Structures are given as structure tokens and as C-alpha cells.
Amino acid sequence: MTKDGNQMGINTRLAHSGNNPHDYFGFINPPVVHASTVLYPNAATMAARGQKYTYGTRGTPTTDALASAIDGLEGSAGTIVVPSGLAAVMVPLLAFLSAGDHVLIVDSVYHPTRNFADTMLKRLGVEVEYYDPHVGAGIAALIKSSTRVVFTESPASNTFEVQDIPAIASAAHAAGAIVMMDNTWATPLYFRPLDHGVDISIHAATKYPAGHSDVLLGTASANKACWKQLCETFYTMGCCAGPDDVYQVLRGLRTMGVRLDHHQRSALDIAGWLEGQPGVARVLHPALASHPDHDLWKRDFCGSSGIFSIVLAGGGQKQQHAFLDALRIFGLGYSWGGYESLAVPVFLGDRVVAKGPYDGPLVRLQIGLEDVDDLKADLARGLAAAAAA
Ligand SMILES: Cc1ncc(COP(=O)(O)O)c(C=O)c1O
């Protein structure tokens, strides 16, 4: 990429970022380097570790290509590439938390992040506290002298509350804490966390960057102040990603802009249509004007992706299961960001603050790349089945 790359349009940047084809004989895509051992020309170079690549766990031309593409999108000083989105959550938390520290985690966080905090972090002596996604500047009242990290995720997993990230970041920084954000929903195309005060931006690259439900990968991108500590922990833990998976995600990035644009348009069309359907109490999509956090979303985000939830109008698990079982195109399966539509029942039993109330059971929808009319017909089948249950 040329130096003025940041001025170019996003699809141009996605098409050309990461590697320079002329570094590898002009081949457009970078080599997939399978490596543990890297040879040194002599003992002195070896003793000094005096060359760019030293061992497979510490980076290859393949991981560098992806990390550099992500740095360009995030505006970060450095990016680690790890084997899953969950690992991308875990490594930064382990990098910055020690026994006796306090961490504030948004209550509407992705469940396995909560599980990691409640099991591993607590066992290591970290005090874990959950806060309301709408806390905003009020986070200041929860910060203690031992608070090292405020962990955010916006919009929230499953219930899609939007957090006031700049207000949280300024309160955290005033108290000497750093801010991490799981930014998987928006991708750096629709929200750039570091521009809003976040110190480390985390992605399940498994979702939109990979885009085809066949790869697990995670990235964590740090600003200059946090990069060294994040990178050293990554090296210490040796949790590097496999080269084929890294390559697949770089390949996915090339088309992520056009795919996201399609996901965005289809999801908004379907979400708006669902608001008028009998049997739907609410649609939890922050880009809808009816969403309580719509103004905050409009202030900070420049797009929306393809995942949101609906609240059925009354009923319980029987109606929720009837809805899900009637679907023929939407698959019942976890994850999202792939080309195919998915639906999952939402469970809020782990929450301590952000529990609702909601008028009925929740279902989360991932809108894939299929034709919208077919997806609407499928959802109408689900709603009819729920009404009849
Ligand atoms: C918001 C969020 N963060 C992180 C992850 C974890 O990603 P992975 O499945 O790659 O571990 C997920 C997965 O669903 C997610 O939804």
C-alpha cells in the first residue's frame, strides 16, 4: 500500500492491504508459510536473534500480511493473530491483569468471555465485576484503585445495547485503567475503537473477515502504549494461529466490504419488516430508529452488520422452539458472519444486570447472503408456528 493508503476507499484498501506482491516474485497473494524452524546464516546472527524471522511462533510472512492489513484497518500499532476469537479475548486480559487487580466487564458480554473471567481470572486472583451496558460516564463510580481493565463489547451480544465508548474510555483513562473492546459486530469498517479511546480492539475474525463458516481465528490490535505488553504475552503463551487459517482470513478480507454491505442491507430490510409482523414484540437492531440506543449508534458507528435479535410477543420456550423448528433456510447453529443465515435461542440466565425484562422469548438472527424474500418467507413460517404453538 502507498503512504496515502488511508485516503483511499475501503474496498480499494481491503483489496491491496497486507502484503506487497513484489516481495514475492509478483504473486498477488502472499505465500502460506508452514514453519517451526527458521535457519540463521551463522552463530553470531543466531545469538543476537539478528534477523526478521526467528521461529514459527513469533510470526511469518503470512501472519505479518494479515496483521499488517488489520493494523491498517484499525489504526493500531500492532496486531496479534491467535487461533480463535475467544483466544483474542483471553490473551489481552491475561496480558494486563494480575492477582489483586479488578476488572470491569460489561454484563451483556459474549458468554464464553464471562465464563473465562468467572473461572480462570477469578482462580488467578482477579476480582471480576459486571456493569450495566448503559453505564456510560457512570463507570467512574465503579472504578477502584485496583481497576486495571474495563472490558467493553458494543453492541452487546444477543441484546444489542450500544455502549458510550468515548465516555467509558475517558473515565477509565482518568483512573489509569485501560479499555478493551470486542468489536466483532461492527468490524473495523463500521467502528474503529482506537479512534474512540479504546486501547485494544478485539475481533473474532471467524465471523465477517473469514466469512464462510469454515475457519476459526482471532485478532487483537493495540495502540502504541499497549502493544509491547500484548505482544510479549502472546510470545510467552505461544498461541500462534495455523498458516492456512491465517491465509483464509486474509483472503476473506478482500471481499469483506462487499459482503458486509449486502449483510447490512438485507438485515435492515428484514429487521424493519419484522417490526410490522404480528407475533413480534420488538426488534433489537441498533440501526432501527426504534432502538433505544439508536442515537448513540448513529453518533459513533458508520454502518451495521447482519446480526440482531427479535423478541417474540409473549409465550416462552415452547413458542421459541416452535419458531426455530419451523425454519427451513435459517440453520440452527452458533457463530455468525458467514454466507448463510442462522438462528439461535437467546439465553439471558447468566446476566446479573442487563436481564430485561422482555415481553417474550428472544431469538438471535444472522442474516446471510441469501435472497431477502426467501428469508422473509422462512421467518413468516417461524412466526406462524410460534403463534400456533
Ligand atoms: C462477540 C463475539 N466475540 C468473540 C467470539 C468468539 O469467537 P470464536 O468463535 O472464534 O472463538 C464470538 C463467537 O461467537 C462472538 O460472538
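Within region 183-230, if we keep just the residues that are of a type in the set (A, V, I, L, M) and without any contact (Cβ under 8 Å) to a residue 60 or more places away in the chain, the residue that is nearest to the ligand (Cβ to nearest atom) turns out to be V215.
Counting the residues of region 229-242 that are surrounded by fewer than 19 Cβ atoms within 10 Å (Cβ to Cβ) and either more than 22 Å from I200 (Cα to Cα) or among the small types (G, A, S) (or both) gives 2. Only one entry of A271, A267 meets the criterion of being in a helix (DSSP H, G or I), in the same structural domain as P361 (by TED's automatic domain parsing) and within 16 Å of the ligand (Cβ to nearest atom), and that entry is A267.
For region 120-131, state whether one or more residues are touching a residue at least 40 places away in the same chain (Cβ under 8 Å) and away from the ligand (no atom under 12 Å from the Cβ). Looking for residues that are touching a residue at least 40 places away in the same chain (Cβ under 8 Å) and away from the ligand (no atom under 12 Å from the Cβ), one finds at least one in region 120-131, hence yes. Taken together, S305, S290 contain a single residue that is hydroxyl-bearing (S, T, Y) and under 18 Å from the mean Cα position of the chain (by Cα), which is S305. Would you mind stating whether Y53 is closer than 22 Å to G242 by Cα and of a type outside the set (A, V, I, L, M, F, W, C)? Yes; evaluated as a whole, the condition is true for this residue. Pairing each residue of region 81-94 that is closer than 15 Å to L66 by Cα with any residue that is more than 7 Å from the ligand (Cβ to nearest atom) and among the hydroxyl-bearing types (S, T, Y), provided the two are 6+ apart or on different chains, yields C-beta distances under 6 Å for V81/T63; V81/T219; A88/T219. Only one entry of A156, A117, A175 meets the criterion of being of a type in the set (G, A, S), buried (at least 23 other Cβ atoms within 10 Å of the Cβ), at pLDDT 95 or above and in contact with a strand residue (DSSP E or B) (Cβ under 8 Å, 6 or more places away or on another chain), and that entry is A156. Each residue in region 124-139 was checked for being crowded, with 16+ Cβ neighbours inside 10 Å and in a loop (DSSP other than H, G, I, E, B), and 5 pass.
Please determine whether any residue of region 34-44 is within 16 Å of the ligand (Cβ to nearest atom) and not charged (D, E, K, R). Looking for residues that are within 16 Å of the ligand (Cβ to nearest atom) and not charged (D, E, K, R), one finds none in region 34-44, hence no.
Only one of A88, A15, A99 is among the hydrophobic types (A, V, I, L, M, F, W, C), in a helix (DSSP H, G or I) and surrounded by fewer than 19 Cβ atoms within 10 Å (Cβ to Cβ). Can you tell me which? The conditions single out A15.
Run down T152, T147 and say which single residue is in contact (Cβ under 8 Å) with a residue 40 or more places away in the chain, in the same structural domain as P92 (by TED's automatic domain parsing) and closer than 19 Å to G303 by Cβ.
Only one candidate passes the filter, namely T152.
Scanning region 156-178 for residues that are within 16 Å of the ligand (Cβ to nearest atom) and not in a helix (DSSP H, G or I) yields a count of 8.
The values are calculated or read from the model by the stated rules, or taken from the named source; none is laboratory data. All of these numbers come straight from a predicted model, not from anything done at the bench. Glycine gets a Cβ as well: all are built from the backbone with ideal geometry, and neighbour counts include every protein chain shown.
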